[in-house]
Amino acid sequence: MSILVIAEHDNATLKASTRNTLTAALKLGSTVEVLVAGHNCQAAAQAAAVLAGVAKVKVADAASLAEGFAENLAALVVSMAAGYTHILAPATTYGKNFLPRVAALLDVAQISEISAVVDANTFIRPIYAGNALATVESSDGVKVITVRTTAFDAATDGGSAGIESVGAPADLGCTSLVGRELSVSERPELGAAKVIVSGGRGLGNGDNYQQVLAPLADKLGAALGASRAAVDAGFVPNDYQVGQTGKVVAPQLYIAIGISGAIQHLAGMKDSKVIVAINKDADAPIFQVADYGLVGDLFEVVPQLTAAL
Amino acid sequence: MSLKILVPIKRVVDYNVKVRVKADNSGVDLANVKMSMNPFDEIAVEEAVRLKEAGVAAEVVAVTCGVTACQETLRAAMAMGADRAILVETDVELQPLAVAKLLKAVCEKEQPGLVVCGKQAIDDDANQTGQMLAALQGWPQATFASKVVIADSKATVTREVDGGLETIAVTLPAVISTDLRLNEPRYATLPNIMKAKKKPLDVLAAASLGVDIAPRLATRSVNEPPKRSAGIRVGDVAQLVDKLKNEAKVI
Ligand SMILES: Cc1cc2nc3c(=O)[nH]c(=O)nc-3n(C[C@H](O)[C@H](O)[C@H](O)COP(=O)(O)OP(=O)(O)OC[C@H]3O[C@@H](n4cnc5c(N)ncnc54)[C@H](O)[C@@H]3O)c2cc1C
Ligand SMILES: Nc1ncnc2c1ncn2[C@@H]1O[C@H](COP(=O)(O)O)[C@@H](O)[C@H]1O
């Protein structure tokens, strides 16, 4: 019996989340296979084959899988589920989208966003915006799991697995792509960044956000993040949102600027190694989790900080 | 237009409450805690009601699965504009797969053309039920919606994804799950709260729907996350830079 990891990729390269998911899978057993489902995705399959610990890569290459739509992807995974004890995907919008369909079609629970593996049947997962950690045990025949990527190290290269083709089921034809507006940025990916500079409502508007935070992020080689309030107000796009219902991050250094520290925001960043808070309100809850707090007006302090680096 | 929209809603701990783990580690303490409609479900109700107001939908039916007290959440949905409501009543602890199965049974009775649910319940943070319902129905899904347009038996939905935005078209019937930017839910007015009291609310016993709702996951314990304690206040930028360089060694 083996464990199946479903790779997140863009056909050419693997997303970092695949590496974290693999690390979680390797805690469950030693025979871990990776499924690369996509179109013209041989390069991604090659990248999966050299990950340390992978026993085999299965590639499903079909036009119906090109856009990663949940319906076709779930049908594929269900068609090949027999023989696996665990099926894992990252708890990113990619994994969260299709994996519950797999679980429902297999008539098993999905164990969402695990942050630790206790044993092959027992997992820890955050609930209530991370204010509690539940230890849950599954009695299902196959465990269908999404993985909190920040809770597991990234698997490294060093393997040389064989690559095998698998057929894709017929296109369900119910979904079509209209368009994508993907953020293009030279900066590191939020989920994998070592340093994050994050801004909230205190920035006032999108221009301020860019003028004040971008130079600091440039100096630090950091990714930019935001609170929900900053996204709702249109300062930055939706994919900047850190929190319970946005992205969960755990960089070496998280600098929260003009962010009050609501529980929903803390849920997404409180596992960062070092937290810095800059806020003019000395009573802001963010200071309760900050390693270094600086009370002051961000419009004065942040340019000073940028200059001092 | 004859589109019927079913809106599954969940009664959860209010988002302002910071829950506490029980001393015996069996769960979180929900005694005397304020309960509200899951915020994503308010967004779902709002969207469905707007589609009705725009003449796109004919009827909005709110449904919840849970204990008797969930009736108040259904009344709240009707005060926002849902036409009627269904409580699938049970005292059993419901997990997402069980809810999806109950909702499937309701879909078979009601034959909606569209289901609009929340992307995530803020108590279990599962983010599963809508996708599971769509799979069980053999329907397409459009999760994490920030814009919905219904025309020509299709839903064109802009989705909030990790890399930005993605717009897809799905055939109806379908399940749409809401994200934060889809709309801003209205507050119920007093006259509408009064009106909601007279709207129909049907109660179905979960047991009468003939589906297996037994939990699949057993909770062994619930614990406090590691506490993060407040560090120090620095007096100025120079001190901050010094600490980051020489104490934390992160820059
Ligand atoms: C269902 C749901 C899901 C949610 N999900 C998320 C989520 O995933 N992520 C998230 O972040 N939030 C989320 N929220 C929202 C959350 O509850 C807060 O509303 C939000 O985090 C507040 O953002 P903020 O800190 O930027 O704004 P505010 O709370 O308004 O704080 C702004 C801060 O800026 C400071 N400030 C203002 N001017 C200056 C200045 N010149 N210099 C220095 N400081 C200044 C103020 O003192 C204040 O502390 C969610 C809410 C709900 C209901
Ligand atoms: N008990 C329930 N009754 C009705 N709808 C529910 C219930 N639980 C979850 N849902 C719906 O499914 C969505 C996602 O919930 P979850 O999968 O638990 O995160 C919620 O936002 C609701 O729309």
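Only one of (1) more than 16 Å from ligand 1 (Cβ to nearest atom); (2) in a helix (DSSP H, G or I) fails for residue B:130. Which number is that? Tallying (1) more than 16 Å from ligand 1 (Cβ to nearest atom); (2) in a helix (DSSP H, G or I), residue B:130 fails exactly one: (1). Taken over region A:76-121, residues that are buried (at least 22 other Cβ atoms within 10 Å of the Cβ) and either in a helix (DSSP H, G or I) or among the basic types (Lys, Arg) (or both) amount to 13. Within region A:59-114, being facing chain B (nearest Cβ under 9 Å) and among the aromatic types (Phe, Trp, Tyr) holds for A:69, A:94, A:98. Restricting region A:280-300 to residues that are open to solvent by 20 Å² or more (accessible area, probe 1.4 Å) and within 7 Å of another protein chain (Cβ to nearest Cβ), the residue that is farthest from ligand 2 (Cβ to nearest atom) is A:295.
Pairs are defined by a Cβ separation below 7 Å, a sequence spacing of at least 6 or placement on different chains, a first member in region B:228-251 that is facing chain A (nearest Cβ under 7 Å), and a second member that is open to solvent by less than 60 Å² (accessible area, probe 1.4 Å) and among the acidic types (Asp, Glu); the pairs so defined are B:231/A:291; B:248/A:291. Inside region B:25-48, residues that are outside any helix (DSSP H, G or I) and in contact with a strand residue (DSSP E or B) (Cβ under 8 Å, 6 or more places away or on another chain) make up a count of 12.
Look through B:171, B:143 and report the one residue that is open to solvent by 10 Å² or more (accessible area, probe 1.4 Å) and farther than 15 Å from residue B:106 by Cα. Break it down into steps so the answer makes sense when it comes.
Values: B:143 fails: open to solvent by 10 Å² or more (accessible area, probe 1.4 Å).
From the options B:171, B:143, the qualifying one is B:171.
Is region B:138-161 home to any residue that is part of a helix (DSSP H, G or I) and more than 7 Å from chain A (Cβ to nearest Cβ)? No, the conditions are met nowhere in region B:138-161.
When A:224, A:203 are checked against the criterion of being without any contact (Cβ under 8 Å) to a residue 40 or more places away in the chain, more than 13 Å from chain B (Cβ to nearest Cβ) and in contact with a helix residue (DSSP H, G or I) (Cβ under 6 Å, 6 or more places away or on another chain), A:224 stands alone in meeting it. Inclusion of residue A:232 among residues that are within 8 Å of chain B (Cβ to nearest Cβ) and within 9 Å of ligand 1 (Cβ to nearest atom) is warranted. In region A:126-141, the qualifying residues are those that are in contact with a Lys or Arg (Cβ under 8 Å, 6 or more places away or on another chain) and assigned to a strand (DSSP E or B), and the one that is most open to solvent (accessible area, probe 1.4 Å) is A:137. Among the residues of region A:113-164, the ones that are among the polar types (S, T, N, Q) and out of contact with any Asp or Glu (no Cβ under 7 Å at 6 or more places or on another chain) come to 8 in all.
Residues in region B:71-85 that are within 24 Å of residue B:134 (Cα to Cα) and crowded, with 22+ Cβ neighbours inside 10 Å: B:73, B:74, B:77, B:82, B:85. Take the conditions (1) in a strand (DSSP E or B); (2) surrounded by 18 or more Cβ atoms within 10 Å (Cβ to Cβ); residue B:180 misses just one of them, which is (1). All conditions but one from (1) over 23 Å from residue A:88 (Cα atoms); (2) facing another protein chain (nearest Cβ under 9 Å); (3) within 16 Å of ligand 1 (Cβ to nearest atom); (4) small (Gly, Ala, Ser) apply to residue A:191; the one that does not is (1). Applying the criterion of being in a helix (DSSP H, G or I), more than 16 Å from ligand 2 (Cβ to nearest atom) and open to solvent by 30 Å² or more (accessible area, probe 1.4 Å) to the residues of region A:215-271, the residue that is nearest to residue B:15 (Cα to Cα) is A:263.
The values are calculated or read from the model by the stated rules, or taken from the named source; none is laboratory data. Computed from a predicted structure; not experimentally measured. Reconstructed Cβ throughout: ideal geometry from the backbone, glycine too, with neighbour counts over all protein chains shown. The protein model used for the area step is the full one, side chains on, heavy atoms only, and it has no ligands, DNA or RNA in it. Shrake-Rupley method; radii C 1.70, N 1.55, O 1.52, S 1.80 Å.
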